[in-house]
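J.: Questions regarding the structure given below will be posed in turn.
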Amino acid sequence: MNTTPDKDEPIDKPDFRAGFVAIVGRPNVGKSTLLNRLIGQKISIVSSKAQTTRHRVTGILTNKDAQFIFVDTPGFQTQHRNALNRSMNRTVSQVLSDVDLVFFVVEAGRMGDDDKRVLEVIPEDAKVVLVINKVDQLKEKARLLPFIESVRGLRDFVEIVPLSAERGNNCDTLISAATPLLPEGIAMYEEDEITDRSERFLAAEFLREKLFRLLGDELPYGIAVEIEKFETEGRLRRIHAAVIVDRAGHKGIVIGKGGEKLKRISSEARVELEKLFDGKVFLEVWVKVKSGWADDERALKSLGYE
Ligand SMILES: Nc1nc2c(ncn2[C@@H]2O[C@H](COP(=O)(O)OP(=O)(O)OP(=O)(O)O)[C@@H](O)[C@H]2O)c(=O)[nH]1
Ligand SMILES: [Mg+2]
């Protein structure tokens, strides 16, 4: 019998823990920043605009004690403006129904009605860790303790962890606190796997991030990205992507004078994708008008929304 450990064998040690952790909260509290920080790599897109994340994004962290399968979710919408908003909330509810642990993320010093609505969506029997993010933004550190006191009664939180996802402060405390809260079990993914989402999905997301970051305030909400072709030749990826806008008048804004805007957007996306895929990327982007796509269930399905 061969007793040397096989590299491909799942990690199976006594006391090892593995489980799914949902990261939920209202828009813009820093959920995706936290996911990226916890797994040590950028996988989920981030911007200063609310409602950046529209899909479930999985990030996997494996250490010697546990395997965390974090699931980043869209910010929970308190207003349902269209089918896209409903789809995003559905994603949050679906993720919440099927995890071992929940990180409920709020901003330090702020617990509004929109935060409390998210708390109501978390199933009663779920184990919930309250993550108080952006502590670096608190001008007076002395305000943190009274804030914690004022929110700790909202639910029977299993842990309360203040941190800064952006700076990385106290994120290791969150991991240590969450480890014993995961069920005992074997790893479900290989040690070096960081996500279960495809390169095709990540390419669309990274391009959408640049659109969110480089376009004005309102435009990104009417924008989606469709990957029309994704080919791999050795270490080279050839990607053809369409930026979907919902009004003909928006096309010119995305393209910009002499094509400058779109050139900058696709070049910034390409640079990040090359880092992520560790290989050369050819990214060709064009703009397509699909009126009313965000309120059209069929169009949403074809764009990969749940
Ligand atoms: N100062 C500070 N800013 C942060 C921190 N974490 C996140 N941010 C910023 O907050 C903004 C929103 O971050 P995201 O990670 O996109 O937030 P989100 O909760 O995923 O947002 P949605 O996907 O839109 O729901 C970005 O501008 C981040 O840089 C933090 O710890 N400190
Ligand atoms: Mg997000």
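J.: Can you tell me which of E149, E193, E166 is open to solvent by 60 Å² or more (accessible area, probe 1.4 Å), over 23 Å from the mean Cα position of the chain (by Cα) and not hydrophobic (A, V, I, L, M, F, W, C)? Don't jump to the end; show me each part of the working.
T.: On the way: E193 fails: over 23 Å from the mean Cα position of the chain (by Cα); E166 fails: over 23 Å from the mean Cα position of the chain (by Cα).
Checking each option against the conditions leaves just E149.
J.: Exactly one condition in (1) away from ligand 1 (no atom under 14 Å from the Cβ); (2) in contact (Cβ under 8 Å) with a residue 24 or more places away in the chain; (3) of a type in the set (D, E, K, R) is false for D125; which is it?
T.: That leaves (2) as the condition not met.
J.: Looking at this structure, is S97 within 12 Å of ligand 1 (Cβ to nearest atom), open to solvent by 40 Å² or more (accessible area, probe 1.4 Å) and among the small types (G, A, S)? I'd like the intermediate steps shown before the answer.
T.: Values: within 12 Å of ligand 1 (Cβ to nearest atom): no; open to solvent by 40 Å² or more (accessible area, probe 1.4 Å): yes; among the small types (G, A, S): yes.
When the stated conditions are applied, S97 does not pass them.
J.: For the stretch 228-254, which residues satisfy the criterion of being under 14 Å from L207 (Cα atoms) and not in a strand (DSSP E or B)?
T.: V254
J.: Can I ask one more? Identify, please: which residue in the stretch 105-120 is more than 14 Å from P27 (Cβ to Cβ) and touching a residue at least 40 places away in the same chain (Cβ under 8 Å) and is, among those, least open to solvent (accessible area, probe 1.4 Å)? Show your work before the answer.
T.: Keep residues of the stretch 105-120 that are more than 14 Å from P27 (Cβ to Cβ), which gives 108-109, 111, 116, 119-120.
Right, trim to touching a residue at least 40 places away in the same chain (Cβ under 8 Å) and you get 108, 111.
Working: A108: 18, M111: 37 Å².
Taking the candidates together, the pick is A108.
J.: Just need a number here: residues in the stretch 37-71 that are more than 13 Å from ligand 2 (Cβ to nearest atom), touching a residue at least 24 places away in the same chain (Cβ under 8 Å), of a type outside the set (D, E, K, R) and in a loop (DSSP other than H, G, I, E, B).
T.: 2
J.: Moving to a separate point now. Name the residue, out of K280, K301, that is of a type in the set (K, R) and at pLDDT 95 or above.
T.: Working: K301 fails: at pLDDT 95 or above.
The match here is K280.
J.: Quick one: what pairs do we get from the stretch 239-261, first residue within 17 Å of R213 (Cα to Cα), second assigned to a strand (DSSP E or B) and among the basic types (K, R), C-beta under 6 Å, 6+ apart or different chains?
T.: The qualifying pairs are I244/K288.
J.: Could you list all residues from the stretch 123-146 that are among the basic types (K, R), surrounded by 12 or more Cβ atoms within 10 Å (Cβ to Cβ) and more than 19 Å from D72 (Cα to Cα)? Lay out the reasoning, then the answer.
T.: Our first condition is that a residue be among the basic types (K, R); within the stretch 123-146, this holds for 127, 134, 139, 141, 143.
Cutting the leftovers down to surrounded by 12 or more Cβ atoms within 10 Å (Cβ to Cβ) gives us 127, 134, 143.
Of everything in the stretch 123-146, just one residue is among the basic types (K, R), surrounded by 12 or more Cβ atoms within 10 Å (Cβ to Cβ) and more than 19 Å from D72 (Cα to Cα), namely R143.
J.: Tell me yes or no: at least one residue of the stretch 159-182 is over 26 Å from I60 (Cβ atoms) and either assigned to a helix (DSSP H, G or I) or free of Cβ contacts under 8 Å to residues at least 40 places away in the same chain (or both). It would help to see each step written out before you state the result.
T.: So in the stretch 159-182, the residues over 26 Å from I60 (Cβ atoms) come out as none.
No: zero hits.
J.: Could you say which residue among G40, G25, G59 is of a type in the set (G, A, S), modelled with pLDDT of 95 or more and surrounded by fewer than 22 Cβ atoms within 10 Å (Cβ to Cβ)? Write out each step before concluding.
T.: Values: G25 fails: surrounded by fewer than 22 Cβ atoms within 10 Å (Cβ to Cβ); G59 fails: surrounded by fewer than 22 Cβ atoms within 10 Å (Cβ to Cβ).
After ruling out the rest, the residue left standing is G40.
The values are calculated or read from the model by the stated rules, or taken from the named source; none is laboratory data. This one's a predicted model, so the numbers in the text were calculated from it and none came from an experiment. We place every Cβ from the backbone using ideal geometry, glycine too, and count neighbours over all the protein chains shown. What goes into the accessible areas is simple: the full protein's heavy atoms, side chains included, and nothing from ligands, DNA or RNA. Shrake-Rupley method; radii C 1.70, N 1.55, O 1.52, S 1.80 Å.
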